[in-house]
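Written out below as structure tokens is the structure these notes cover.
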């Protein structure tokens, strides 16, 4: 693959700005609906279980599409790829704005998610190809910040918009952003990545989609009625079987869609477990905190937006400096700091009541977002640092796919636990006990990682 293409400095800066902004906006859209769940349940008269699919369904589609993007980037000219990606996102945003039923809104979100899933790998490849190796660290740092911070800001942005413009106003603004990015991209985007004879096994795509979808649908539809529990259990079994078949095919195929052999590296496996746990807490909280704040405590949309603003800002600054801090002090102090902050967040969540002040909720949110920022980058480093060559490329694809799927699973699990526990303040406490258990798993996984370091082949 040709790298460091000789293009003008103006075009380089234009491509950089276009991709950073596009990544920020598309990634933000993945979590923007979390704050709006109470609004959707009221407007469309649907349950929180169903409404959460606006978030978990979108992250699921993004996760499924990520492995496919490697094939598309190799086959489709970059300018066309960018236009199709942003068009899918923009059309999905417009359709969501116009939606007159919940299911039309859901389909619109899934179309939007296609654009989101296609953008992140494309942005990484393009920036690495455009800029010389001595600048890769800086451009990837900016790219990672745009991707991660935007998911934190999503609920905050929605909260600040809702009181003035309603939920349709949120999607209208995303549509406007999409149009602007398409215009900018039409000016600066270049065809850089050479096309190749890459192939794609659609059978792999279909089996993986069935597996993940059935697993999440089954979990999301568990109820107190035995007949529904049986139905949901059957759907989950189908999902598990499909994922087992998919895994076997990937392990035995000469050209797998996802090279699962990277799990032979113990540090990668442990890092994946830690990353899953991080997203179970962070993305689950993105669904539960708005329900607590607005439905149980009775605060306004804008109040929630302001409550999450401080945490979002702190997350931005933490993400900016976490790489340098990691290089200077190592992973252990950062891990201890992050775990302690998650523990504090969990204890604060268990203490929530119907009368909890908005400032207390804001402080809790800040602990969660900063903890996520502190631990997310080290987890990625843990996953990929011991891999090399093609193994690192394969590991990156597997890691990002699982991270997206984990985000979808997180939303489903948190809302389901809340619903089954009674959908009241006591249910909130049970959700936070669950977050405490997940935090303990993070600690155990990290201890296993440290124990295995001496046995790793560097």
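Using 0.36 nm per residue, how much length does the chain from residue 426 to residue 337 gain when fully extended, once their Cα-Cα distance is taken away? List each step's numbers first, then the result.
Values: separation 89, 0.36 × 89 = 32.04 nm, distance 2.85 nm.
Between residue 426 and residue 337, full extension yields an extra 29.2 nm.
Assuming R0 = 22 Å, can you tell me the calculated FRET efficiency for the pair residue 358 and residue 313, based on Cβ-Cβ distance, to the nearest 0.05? Let's see the in-between values first.
Values: r = 17 Å, r/R0 = 0.75.
E between residue 358 and residue 313, to the nearest 0.05, is 0.85.
Hey, what did the chain get for relative contact order, percent, Cα under 8 Å, at least 6 apart? If you can, show how the numbers build up before the last one.
On the way: 713 pairs, mean separation 106.6, N = 458.
Relative contact order here is 23 percent.
If you take the Cα atoms of the stretch 1-197, find Rg, then find the Kirkwood Rh from the mean of 1/r over all pairs, what is Rg/Rh? Mind showing how you got there, number by number?
Working: Rg = 17.1 Å, Rh = 17.1 Å.
Rounded to two decimals, Rg/Rh equals 1.00.
Work out how much length residue 266 to residue 344 would gain on full extension: take 0.36 nm times their residue separation and subtract the Cα-Cα distance, in nm to one decimal. Spell out each step's value before the answer.
Values: separation 78, 0.36 × 78 = 28.08 nm, distance 2.95 nm.
Contour length minus the Cα-Cα distance gives 25.1 nm.
Would you compute the Debye intensity of the stretch 233-294 from its alpha-carbon atoms alone, equal scatterers and no solvent, and pass along log10 I(q)/I(0) at q = 0.16 Å⁻¹ to two decimals?
Taking Cα atoms of the stretch 233-294 as identical point scatterers yields -0.79.
So, in nm, how far is label residue 244 from label residue 180 when the simple model puts each one 7 Å beyond its Cα toward the Cβ?
In this crude spin-label approximation the distance works out to 5.1 nm.
So how do 290-298, 26-34, 247-255 stack up, highest first, on mean other-Cβ count within 10 Å? If you can, show how the numbers build up before the last one.
Working: 290-298: 21.1, 26-34: 27.8, 247-255: 12.8.
Order by mean packing, descending: 26-34, 290-298, 247-255.
Each label point is 7 Å from the Cα along the Cα-to-Cβ direction; what then is the distance between the points at residue 254 and residue 444, in nm?
4.2
Taking the mean number of other Cβ atoms within 10 Å as a proxy for protection, how do you rank 10-22, 409-421 from highest to lowest? Numbers along the way, then the final one.
Numbers: 10-22: 18.9, 409-421: 23.2.
Packing order, densest peptide first, comes out as 409-421, 10-22.
What is the distance, in nm, between label points placed 7 Å from the Cα along the Cα-to-Cβ direction at residue 103 and at residue 325?
4.8
What does the stretch 1-112 give for Rg and for Dmax, in Å, if only its C-alpha atoms count?
Radius of gyration, then largest Cα-Cα span, for the stretch 1-112: 17.0, 55 Å.
Report, to one decimal in Å, the Kirkwood hydrodynamic radius for the chain based on all distinct Cα pairs. Can you show the working numbers first?
Values: mean 1/r = 0.0447 Å⁻¹.
Radius from the Kirkwood sum: 22.4 Å.
Based only on Cα atoms, what mean projected area does the convex hull of the stretch 259-458 have, in nm²? Kindly include the intermediate steps, with their values, before the conclusion.
Numbers: hull surface 44.3 nm².
Approximately 11.1 nm², given one-decimal rounding.
No value in this document is a laboratory result; all are computed from the given coordinates. Computed from a prediction, not measured in an experiment: that's the story for all the values here. Positions of Cβ are generated from backbone atoms using ideal geometry, with glycine treated the same way; all protein chains shown enter the neighbour counts.
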